[in-house]
Each structure stands twice: as structure tokens, then as C-alpha cells.
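Enquirer: Sending over a structure as C-alpha cells; questions will come in a sec.
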């Protein structure tokens, strides 16, 4: 073997003299903290390629030699580098192994594993050498291996057995942490389940990563005995003993774009019909939904996240909610977007893990320590989270979702763990109306089990209804049957040698449901746009946005009228316009970008915030769940009840048992409120606990209302 301590001493003094001096300075200033020196593997290869090969194949012995060489290496400060640790990174591509490809041949070898942090325990001391005191007071030290505490068999001096007491202050300890790393969700295809790997961290690499971080861990693969109860089995489990961690830039860097890909992307950019081509490439087997697919296109490209000089962060991600009747292809749309998004996580409102949608602290099954576990929104950081049945999410997730959608963080405070995790992702969610089908004449907030404050955080909300229409129904039926027919031809051609439909015929018939842009190229086009394109508003675009906002606000006739739009919708317009420019790979947001997104937002508001009574857009329908006219009506009815209570209590005294329903209706009609509307208000007030019925047909206000 070429490796030895003296050779490594020569390596460090030749290649890392500056780093040795900085390490010596840290040791002087911080004592035992930060005693690592990071070594680029390629420097070792340049120094002695035989030494580099031995490091990869015999890491335990070679790293021990490197540790000795580092601790003996000279530095200008003359400081002893006791306990200094070499940490190797930038391993060759041949040693970067996917988690699902780990095999027995990799055990005991130095490898690199890339993935996303799913769980992380808190940092706790671990015994390396435990000091024990016998009843006579003698100290015996025992080197520790494995997970169980090893006690001395007998005292080294008096030879007494048993009754040893651990003395932590005389023991040697190191910080330890355990993580679970998972494959990237966007790399999975078909029915593949993400595979995970346990990682053990020690020393100053602990406390550096959080759930949701995308990392490369360089380390030695270990195998340990799996147990079933107290029985050992022949099948081994694997874990990675961490040597170093590389935290990756999370802006779509893992999606490789070749020179050929870039040429194809730039060729697409020159197509004047690029926007429509992308729209037609989103779920082409699903008929219609032009505005929805247009908005999903904008969401995939996203606006520009901004960090302002005062530290304020403005999100660029676009949130979209699809509300609709059963069977209108909401889930299929979400799954197709999951397929083409460069980074995406699909889940349901109920959540697929204990962490649900966001994140939580759970007890680790390995050693009982509390761990942080990332949920879907944290795992989708810098990507898109697709949440089906968002109306059925756990109550624990509801509060966290407010924070995640606006601040784009998830805060955890449980079991002594206080952490803030990043959740910088767009949300495409689907929900079903709680009464089965969507009713256009009932406020959207009353039809979904989501709070108005949560609904108002979506930039766009679309209602997908299943209403009979002969012409549209015929087109949908023909489209579905053509899709099935093409699928039948394809399956027949796969399984029968002598086919009666040649390949050319099948290709011709398949054109209408084949995406105009192949999904893999579209994924790379989106990633390229998000990586390279950062458009800026032109003067014309900025003036048009101001003009639209002011004109909408000025449509309010008086102070009693409904407010049609707020600054929140203006910010949504900016995000959508930025995304529109990105679709064209343009550095300038033009007037046409703004006009396009204004049209989408107006149509969306007319669907979800239109008050049929006033025939105006009322943003309060979305923001607070009640229109201005309904709110005024509620105030009027409550005032009628209050006045009647005063009158009847003074007339009847103690025998007063509530305000008669008929009298409420009569006075309501005097103020222009019909009996049916008044009955609706009384029902809502009863449901909210603002009024109660002391006896049938009589109402009283609850105290405080």
C-alpha cells in the first residue's frame, strides 16, 4: 500500500499550506470546534493517482493515514493540530451512486450519494471513549463501538467486577446526528417508490443540514445486521458514514441541459406560436380548459422571487386552485403537471406520511430521538407541489399552509425543536365542493372546507363544472373515444404480429393527443427559462398595470360599494406577467404579456368573486367569504333583532322569550330585504353562534354580539 502518514503530511504541506494555517488559527481561537480541513479529491489524484485509488477502495485505513499526516503537518503558527479531521469531497463520477443502485460491492468503499434530506435528528453527544469509576474510585476507560454502551468487565486496578459508574466529564465524546436521505422525487418514473438511506454524521459536519436540503454526502458505506425481534438475519441493512457534505444550489441545477438541448430550446424560442404550443403540450388527452392550461403554463415558468434592500422577500411562485365537480379531470391535470415539472412533489390533502403536507417533529424509530421530518411543501422547495383533495387536509397542516403560501417557510416548535424550513414552491391544488357539485350562485367559501384567508392566498382559482351542453358534450365524447381508439391500436400493434393498422396510420391518428413539445424537452425548456431568464417590466407594461388597477378601484361608486380588487391581485398580475415573458425566454415584460394575464385574471375573478345581486366583482367573496351586500344584510338583521329585543324586554319584562321570526321578516321587508334573504341570514347567524332560539320561531342575540 502506498498510503502512509508521512506521504499525507507531504501532501498537505504541498497543496494546502494556507488551509493548514487557517485551521491552526481556528484551533487557537475556538479550541475543539471546526477542526476539519476539506480536501478536493482531484488534488489527491494529481498528487499521486495510486493514493487516490487506495482512498476510494480502502477508505478506513487511508483516512487514518491522512488523519495522522494532517495532525503532524507543519503550520506557520506552530499549533498542534490534535484531533484535526480531513474531509474529502468532489469524488469522481464513477463513485457517485444512486441510492437505488447501492449494492454489496459498495460496502466499505468511499462513495458519494446525492439526494434530498427527508429527516434529521437533533445533535447530541456520542461516547467515543467512556470513563467508568469503580466503587473504589479507580477510573477505567473503554473504547466504544456500535450503538450499545460497552462497560468494563473488571476494574483495571482493583479487579472488581460490576457496579461501575459512568463519568461523562472524563469521557471522550463527539457530536452526532442521524439523517435520512431520499432520492429526488422528480427522477422517479411510473410506479417507482423513492428509496432512502440512513446517514450517520459526527463532528463538525453535524447541524449543517435541514429537511428539504438537496445534498451530496461523501462517505463510507456500512452494512449492519438486521434483527427481527432478538433474532439476527442473513439480510443486511446499509447506512452511510458521512465524511463530508456538499449542499447543492437548488435552482434546477440537477437537470442537465446539453448543448444539443440548448440548441433545441433556442429554436423553440424563435417560434411565434411557442405559448400556444406549450399550452397544447399540457395534458393533450384532456379536452378543453384553455384558461386553466394557460395558467398552469405560467405557473410552471413562475414569476421572479425578489429580495429587497430592506430584507423583504417577495415570492415569485404562482398558486392555483382548481375547484370542480367530480369527474372533470382535476387529478389527471395534476398528475400530468407532475410529469413535466422539472421538480415536483405530488400528494393528497390527507398526506402520505405522518408529516402530511408541511413538516413535523416525530420520534425516531432507531434511537427514540426527536427528528425533523419534511413534508411535501418542504420537499418541493424551488419546484411545484401538487396537492389533490386539499380540502381534506389535516387540521395541523392548515395553519402551516398559510405561512407556507405567503412567507414560503414552515415553522416547527415541538419537543424542544425550533426550526424554520424553506418551502419556496408553487402550489397547484384541487378541491371538491363539500356538497358534491359546484353551485355558481353560492359563494365559493361556503362550498369548500377551506378558510377564506387560505383561499385568498391563491393567485388564481378556477371552477370546473360539469354542465350539460350538447355541442361541447359531443366534442368531449369524440375526443375521449378517439383517445381510447388510438390506445387500442397501439396495444394491438404491441401484442399481435400481423397487425391490420400499419405504424404510419397509428402515428397519423395519434397526432391530436401527442404533445406538440416532447415532455422531456419541455421540462428542460422550463428549467432553462427559470435558470437563465429574469425579465424586467417595460414602461408600457408598468403603465398598463397601474391603469388597470386604478380603473378597477375607481369602478367603486361610493363607500358602500364592494371593492373589486386589492394590492394582492396586483402582485399576482406582476408574477403572471413575469412568467409570460419567461415563456418566450424574453428579458422584457411587454404590453402583450400584461394584456394576456389581465384577461385571465378578469375571467377568473368573474367566476369566483362575482356578486349576482349587484352584478359587480366583490373581492370580499373570496377574501372574507361574504359579499359586501351579504355583510350589510347581516348587520341590518342583527340591528333589527337588537331593536326588537329592547322594545319587547321593556314591554314584557321577565316573560320576554325572544324576538318573533315574523316580526323580524316584517321589519326586514321594510328595509328591502326579502323573507327568503332574511331567512338565509338567520340560518347563517345561528350556524355561527351569533343568535340562538330560546323557543321555536323566536331569536335572541348571543351576549357580546
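The values are calculated or read from the model by the stated rules, or taken from the named source; none is laboratory data. Just so it is clear, the model here is predicted, and its values are computed rather than measured. Note that we place each Cβ from the backbone using ideal geometry, even for glycine, and neighbour counts take in every protein chain shown.
Enquirer: Would you confirm, using the coordinates I've provided, whether residue 317 is surrounded by fewer than 17 Cβ atoms within 10 Å (Cβ to Cβ) and assigned by TED's automatic domain parsing to the domain that holds residue 422?
Expert: no
Enquirer: Name the residues in segment 668-693 that are within 22 Å of residue 703 (Cβ to Cβ), in contact with a helix residue (DSSP H, G or I) (Cβ under 9 Å, 6 or more places away or on another chain), assigned to a helix (DSSP H, G or I) and at pLDDT 85 or above, would you?
Expert: Scanning segment 668-693 gives 681, 682, 685.
Enquirer: Which residue is surrounded by the most Cβ atoms within 10 Å (Cβ to Cβ), if the candidates are limited to segment 15-54 and must be touching a strand residue (DSSP E or B) at 6+ places or on another chain (Cβ under 6 Å) and free of Cβ contacts under 8 Å to residues at least 60 places away in the same chain?
Expert: This residue is 39.
Enquirer: Continuing with the same structure: Would you tally the residues in segment 575-599 being in a helix (DSSP H, G or I) and either buried (at least 21 other Cβ atoms within 10 Å of the Cβ) or touching a strand residue (DSSP E or B) at 6+ places or on another chain (Cβ under 6 Å) (or both)?
Expert: So the answer is 12.
Enquirer: Looking only at segment 278-288, count every residue that is at pLDDT 90 or above and surrounded by fewer than 17 Cβ atoms within 10 Å (Cβ to Cβ) and tell me the total.
Expert: Of the residues in that region, 0 qualify.
Enquirer: Checking the condition touching a strand residue (DSSP E or B) at 6+ places or on another chain (Cβ under 9 Å) and crowded, with 18+ Cβ neighbours inside 10 Å, which residue from 418, 432 passes?
Expert: After applying the criteria, what remains is 432.
Enquirer: Still on this structure, please answer the following. Give the residues of segment 80-109 that are more than 17 Å from residue 238 (Cα to Cα) and either over 32 Å from the mean Cα position of the chain (by Cα) or without any contact (Cβ under 8 Å) to a residue 40 or more places away in the chain (or both), sorted by residue number.
Expert: 80, 81, 82, 83, 84, 85, 86, 93, 94
Enquirer: Just to verify a result, which residue in segment 116-142, among those that are outside any strand (DSSP E or B) and under 32 Å from the mean Cα position of the chain (by Cα), is surrounded by the most Cβ atoms within 10 Å (Cβ to Cβ)?
Expert: The qualifying residue surrounded by the most Cβ atoms within 10 Å (Cβ to Cβ) is 122.
Enquirer: Identify, from the list 237, 291, 273, the residue that is within 30 Å of residue 481 (Cβ to Cβ), at pLDDT 85 or above, surrounded by fewer than 17 Cβ atoms within 10 Å (Cβ to Cβ) and in contact with a strand residue (DSSP E or B) (Cβ under 8 Å, 6 or more places away or on another chain).
Expert: Sole residue among the options that is within 30 Å of residue 481 (Cβ to Cβ), at pLDDT 85 or above, surrounded by fewer than 17 Cβ atoms within 10 Å (Cβ to Cβ) and in contact with a strand residue (DSSP E or B) (Cβ under 8 Å, 6 or more places away or on another chain): 291.
Enquirer: Looking at segment 417-490, what strands (runs of 3 or more DSSP E) fall wholly within it and have at least 1 residues that are touching a residue at least 24 places away in the same chain (Cβ under 8 Å) and under 20 Å from residue 322 (Cβ atoms)?
Expert: Filter on segment 417-490 gives 426-431, 460-464.
Enquirer: Right, something else. Residue 57 fails exactly one of the following numbered conditions: (1) more than 39 Å from the chain's Cα centre (by Cα); (2) surrounded by fewer than 21 Cβ atoms within 10 Å (Cβ to Cβ); (3) in contact (Cβ under 8 Å) with a residue 40 or more places away in the chain; (4) over 18 Å from residue 34 (Cα atoms). What is the number of that condition?
Expert: Every listed condition holds for residue 57 apart from (1).
Enquirer: Here is a follow-up. Residue 105 versus (1) over 23 Å from residue 13 (Cβ atoms); (2) in contact with a helix residue (DSSP H, G or I) (Cβ under 6 Å, 6 or more places away or on another chain); (3) not in a loop (DSSP other than H, G, I, E, B): which is the lone unmet condition?
Expert: Against the list (1) over 23 Å from residue 13 (Cβ atoms); (2) in contact with a helix residue (DSSP H, G or I) (Cβ under 6 Å, 6 or more places away or on another chain); (3) not in a loop (DSSP other than H, G, I, E, B), residue 105 comes up short only on (2).
Enquirer: Considering only residues that are touching a helix residue (DSSP H, G or I) at 6+ places or on another chain (Cβ under 6 Å) and without any contact (Cβ under 8 Å) to a residue 24 or more places away in the chain, which ones fall in segment 137-180?
Expert: none
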